[in-house]
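The values are calculated or read from the model by the stated rules, or taken from the named source; none is laboratory data. Fair warning: this is a prediction, and the values are worked out from it, not measured in the lab. Counting neighbours? That spans all protein chains shown, and the Cβs are built from the backbone with ideal geometry, glycine included.
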Amino acid sequence: MPDGKNTHFIIDNRLKINYISCMNTAVSLDMNLLREAKQEADQLHISLPEFCSMAIQEFLKTNRKSSITKQLDTFYSIHKVKIDDDILQAQYDLLNEEDW
């Protein structure tokens, strides 16, 4: 991010984050989304900026997990992995003992 330049990024079609590299932040939100966020923040007894920070952190965490899953899926689709028969049998035995 270049120093002193105003720029933005879009999380989804309702949330656009504006920022200046000196750490000042402005956020433009859809009014309905803003009302929902404010109601949730009030119910949690936290400020709206704190709620927004938590929401963005959760969004990033979820996407990282999704990215890791996609990478593992790609790896295992290319590399066929054989599970040891004894380990596989032990897993089946444990499943049979579980109450579903």
Qualifying residue in the stretch 56-75 (condition: in a loop (DSSP other than H, G, I, E, B), modelled with pLDDT of 85 or more and not basic (Lys, Arg)): no
Count of residues meeting criterion [modelled with pLDDT under 60 and surrounded by 14 or more Cβ atoms within 10 Å (Cβ to Cβ)] in the stretch 18-47: 2
So Glu50, is it part of a helix (DSSP H, G or I), at pLDDT below 90 and more than 13 Å from the chain's Cα centre (by Cα): yes
